[in-house]
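Participant: The structure is given below, and queries will be raised subsequently.
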4 protein chains.
Amino acid sequence: MGKQRLEAFSDGVLAIILTIMVLELKVPHGASFQALASLLPTFVSYVLSFIYVAIYWNNHHHMLHAAGKVNGPILWANTHLLFWLSLIPFATAWMGDNHFAARPVALYGLVLLMAALAYYLLSRCLIHHHGAGSLLEAAVGADAKGKFSIAVYAAAILLSFANRWVGFGLYWLVALVWLVPDRRIERVLALRS
Amino acid sequence: MGKQRLEAFSDGVLAIILTIMVLELKVPHGASFQALASLLPTFVSYVLSFIYVAIYWNNHHHMLHAAGKVNGPILWANTHLLFWLSLIPFATAWMGDNHFAARPVALYGLVLLMAALAYYLLSRCLIHHHGAGSLLEAAVGADAKGKFSIAVYAAAILLSFANRWVGFGLYWLVALVWLVPDRRIERVLALRS
Amino acid sequence: MGKQRLEAFSDGVLAIILTIMVLELKVPHGASFQALASLLPTFVSYVLSFIYVAIYWNNHHHMLHAAGKVNGPILWANTHLLFWLSLIPFATAWMGDNHFAARPVALYGLVLLMAALAYYLLSRCLIHHHGAGSLLEAAVGADAKGKFSIAVYAAAILLSFANRWVGFGLYWLVALVWLVPDRRIERVLALRS
Amino acid sequence: MGKQRLEAFSDGVLAIILTIMVLELKVPHGASFQALASLLPTFVSYVLSFIYVAIYWNNHHHMLHAAGKVNGPILWANTHLLFWLSLIPFATAWMGDNHFAARPVALYGLVLLMAALAYYLLSRCLIHHHGAGSLLEAAVGADAKGKFSIAVYAAAILLSFANRWVGFGLYWLVALVWLVPDRRIERVLALRS
């Protein structure tokens, strides 16, 4: 079975998730800058989620690029990942609307955590299907960043109840770790994993 | 006529159906867990519909993969299938908003039933176009699962008026039959068909 | 310049137009059949528009299939067509919400008329680019159905103000002419054009 | 790394941006022409934004067509462009709902300015990756129109506070410069740049 249609379907779902989030930026009543400023928490949430969905698209792109074939379990592991990612617009809006209250911040982290676990599961299914020593196994590697992300999400969820800004800050930290191609970070993470 | 654009268009429509359902998960007022918990019926409906749309994408993918060419009737049978699938977000939201009341549960089943009949019709058009003994006919086979699904949907619609949880439970049963690749189920169904 | 990305972009826009129309089927309050029945005008409008967008996708598919190359004017003629088609969800909802009042029925016809003119313009740009005697010119042909549709839309808009059901009925007539592959209709139209 | 999936993902996002804008054309209460006329400012904003998104798709199409390969920075520069374009539906609706008040007109210009800067950045990343003397560098050229647009957007934002119609008029001027393939304009701009 070819992977082209899996890529096309995932691209479609990710593109829609990325774009419908902007529908949660409800047009404010009135033309003043104060009216606009009231959207700031929702906007900041939107920026973070836009970055996360783009990171997932980017990583998904790379992992599937190294894959040669897919099977039933891979299709379903991919659907499972898309399910958790599809909840990002909801979690984003709940967090923004409530100005980063503790529970919505924790739920946002839970959605990120479940998506990261789903991504990990997908990578295992792909490696299992392509076999040890395959190009795909080399491309995914030890996935130190992925394991680091899962640990930070779990910590951020718990810390959100003590101080919500710590939780929210940790989500930005993970996003930056994925965005900045810093060799030193990667080396440190590789040593620790 | 090639099948690529038919696949691409169907993928697009299915990806949008899958994703816009999340817009029905209206962001609750307030940041409490109670506010979140009030969404539970809608969320459970969302999960079921996500699974169904993914099953349809998966089966559509496989059937078209075995197809080599398409014609006018196939294009329209495919559009007919997409029409019924496009009603899933509406039926999902009505069922969730009304906490699985009997009539919305029955309507949800009716949409599933019509989609299943449309899928069956599409498979007949494809087999007719490719001829007896074709790879496509072998791939679709006796379609015992498809016939079983149609029978269960019809029963579930009627049973919803007696006990709505029976109807709702049967929808999950059909989804599980498609999800779990149990050879024994397939063999039994094959014998009965 | 290749035509693949033009096809992919048009497919994407048409798939989204087709699917977001269902968002106008607002979930009714209450679980009664009366609540559901109140949506009937919107649902009937939805069915008609679904058929029209599918017809456009189908015809666009066939015309571009015969095309070998595209240029700047073709890209813009295609965008112009997508613009008018993008107004179909709005016109559909206005017509359904107002239970087929005269003005919304006329506006719906105006959108169909402008889309049909835009499609005609696109076909002229394509034929001009491919030259007389090309496969594309043969595929488009005299386009008797297209000219017939334009005339009926114009008549339907005017007749809507006398009797809205005449206008609405004529839209269904045109849709049926495109759906039913009746050789006799095509022959008659070809003689008259 | 191939460019196909980057093109497909960008097409998807642009197609969704283009189409969800129509959701801001809220269906008016009542079937009168006055009710329809009250949507005129939103409709005019919609037309302008439709043209802009189509211009971006068109230019993106051409630039990527000349590209042979992509890398990490290009992927992120592309995502950055999509981010600013994703804000166009919001800026369009705020401008239309407030009947072209000064601040919304200025914000609309700011979104256009940021998108134009993001496009410029993407073109630099692509040229850097393909090297001097590449086909891509020749295709992008001095990009006089791009630099002219950036200057006019900046002026329009400031002038919006003096007279909002000047700002709004300048956005139409830039759109026309991109739409009309006037060789003389291009030559003059090329001389000045």
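Participant: What whole-number distance in Å separates the alpha-carbon centres of the range C:113-147 and the range A:34-74?
Facilitator: Taking the Cα centre of the range A:34-74 as reference, the centre of the range C:113-147 is 41 Å away.
Participant: If I take every Cα pair under 8 Å that is 6 or more residues apart in chain C, average their sequence separation and divide by the length, what percent do I get for the relative contact order?
Facilitator: 23 percent
Participant: Taking a label point 7 Å out from Cα toward Cβ, give me the nm distances from B:LYS147 to the same spot in the other copies, shortest first, one decimal.
Facilitator: Shortest to longest, the spacings are 5.2, 5.2, 7.3 nm.
Participant: Beyond 23 Å between alpha-carbons counts as too far, so tell me which of C:LYS3/D:LYS26; A:LYS69/D:LYS3; C:LYS69/C:LYS145; B:LYS145/C:LYS26 fall in that bin.
Facilitator: Beyond 23 Å: C:LYS3/D:LYS26; C:LYS69/C:LYS145; B:LYS145/C:LYS26.
Participant: Based on alpha-carbon positions alone, could you give the equivalent ellipsoid semi-axes of the protein assembly as shown from the gyration tensor, as √(5λ), descending, whole Å?
Facilitator: Computed over the protein assembly as shown, the values are 36, 36, 29 Å.
Participant: Please report, as a whole percent, how much of the solvent-accessible surface of chain A comes from carbon and sulfur atoms (probe radius 1.4 Å).
Facilitator: The nonpolar share, carbon plus sulfur, comes to 67 percent.
Participant: Also, quick follow-up: In nanometres, what is the gap between the two model label sites at A:PHE43 and D:HIS128, each 7 Å from Cα along Cα-to-Cβ?
Facilitator: 2.7 nm
Participant: Hey, another quick one. Between D:LYS69, D:LYS26, D:LYS145, where does the largest GNM mean-square fluctuation fall for chain D, given springs only between Cα atoms within less than 10 Å?
Facilitator: Residue with maximal mean-square fluctuation among D:LYS69, D:LYS26, D:LYS145: D:LYS26.
Participant: How would you rank D:105-114, A:126-135, A:10-19, highest first, on the average number of other Cβ atoms within 10 Å across their residues?
Facilitator: A:10-19, D:105-114, A:126-135
Participant: Determine the relative contact order of the range C:67-133: mean sequence separation of Cα pairs under 8 Å and six or more apart, normalised by residue count, in whole percent.
Facilitator: After rounding, I find 51 percent.
Participant: Another question, if that's okay. Could you list the square roots of 5 times each eigenvalue of the Cα gyration tensor of the range A:85-143, that is, the equivalent ellipsoid semi-axes, sorted largest first and rounded to whole Å?
Facilitator: Its equivalent ellipsoid spans semi-axes of 34, 9, 7 Å.
Participant: Once the Cα atoms of helix C:4-20 and of chain C are each reduced to a long axis, what angle between those two axes, in degrees from 0 to 90 to the nearest 10, is obtained?
Facilitator: Its long axis makes an angle of about 10 degrees.
Participant: Using +1 at the Cβ of each Lys and Arg and -1 at the Cβ of each Asp and Glu in the protein assembly as shown, identify which of B:ALA115, C:LEU36, A:GLY30 lies farthest towards the dipole's positive end.
Facilitator: The residue sitting farthest along the positive end of the dipole is B:ALA115.
Participant: What does the helix-only formula give at 222 nm for chain D: each DSSP H stretch with n ≥ 4 adding -39500 (n - 2.57), the total divided by the residues, and the result rounded to the nearest 500 deg cm²/dmol?
Facilitator: Counting only the DSSP helices, I get -26500 deg cm²/dmol.
Participant: Give me the compactness ratio for the range D:44-93, meaning the Cα radius of gyration over 2.2 N^0.38 Å.
Facilitator: 1.31
Participant: Ordered shortest first, which distances in nm separate the 7 Å Cα→C-beta label point of B:HIS62 from those of the other copies?
Facilitator: Reported distances to equivalent positions: 3.3, 3.3, 4.7 nm.
Participant: Further, regarding this structure: Starting at the first residue of the range A:170-178, write each ³J(HN,Hα) from the Karplus equation 6.51 cos²θ - 1.76 cosθ + 1.60 with θ = phi - 60°, in whole Hz, x for Gly and Pro.
Facilitator: 5, 5, 5, 4, 4, 4, 5, 4, 7
Participant: Could you work out how far apart the two model spin labels at C:GLU137 and D:PHE161 are, taking each label as a point 7 Å from the Cα in the direction of the beta carbon, and quote it in nm?
Facilitator: 6.0 nm
Participant: Along the charge dipole of the range B:43-165, pointing to its positive end and built from +1/-1 on Cβ of Lys, Arg, Asp and Glu, which listed residue (B:ALA77, B:TYR56, B:PRO104) has its Cα farthest out?
Facilitator: After comparing all options, I get B:PRO104.
Participant: Then there is this: Rounded to the nearest 20 debye, what is the charge dipole size of the range A:4-192 about its Cα centre when +1 sits on each Lys and Arg Cβ and -1 on each Asp and Glu Cβ?
Facilitator: Roughly 340 debye for the range A:4-192.
Participant: Along the range A:73-78, what does the Karplus equation 6.51 cos²θ - 1.76 cosθ + 1.60 (θ = phi - 60°) give for ³J(HN,Hα), rounded to whole Hz, x for Gly and Pro?
Facilitator: These are the phi-based 3J(HN,Hα) values: x, 5, 4, 6, 5, 5 Hz.
Participant: Between A:LEU179 and C:LEU23, what is the spin-label point distance in nm, taking each point 7 Å from the Cα along the Cα→C-beta axis?
Facilitator: It is 2.7 nm.
Participant: Please grab the % of Cα pairs in chain D that end up more than 29 Å from each other.
Facilitator: The answer is 27 percent, as a whole percent.
Participant: Remind me, relative contact order of the range B:111-167 in percent, using alpha carbon pairs under 8 angstrom and six or more residues apart?
Facilitator: Relative contact order of the range B:111-167: 32 percent.
Participant: Provide the per-residue ³J(HN,Hα) series for the range D:58-66, in order, calculated from phi with Karplus coefficients 6.51, -1.76, 1.60 and θ = phi - 60°, each as a whole number of Hz, with x at glycine and proline positions.
Facilitator: 4, 5, 4, 3, 5, 5, 5, 4, 7
Participant: Measuring label to label, 7 Å along Cα→Cβ, what does B:GLN4 give against each other copy in nm, shortest first?
Facilitator: Listed shortest first, these distances are 0.6, 0.6, 0.8 nm.
Participant: How big is the range C:10-76 along each principal axis, measuring the range of its Cα positions in Å and listing the largest first?
Facilitator: For the range C:10-76, the Cα extents along the three principal axes come out at 54, 16, 14 Å.
The values are calculated or read from the model by the stated rules, or taken from the named source; none is laboratory data. Not measured: the values here are computed from a predicted model. When we count neighbours, we look across all protein chains shown, and the Cβ atoms used for this are built from the backbone with ideal geometry, even at glycine. Note: accessible area is taken over every heavy atom of the protein model, side chains too, but ligands, DNA and RNA are not part of it. Shrake-Rupley method; radii C 1.70, N 1.55, O 1.52, S 1.80 Å.
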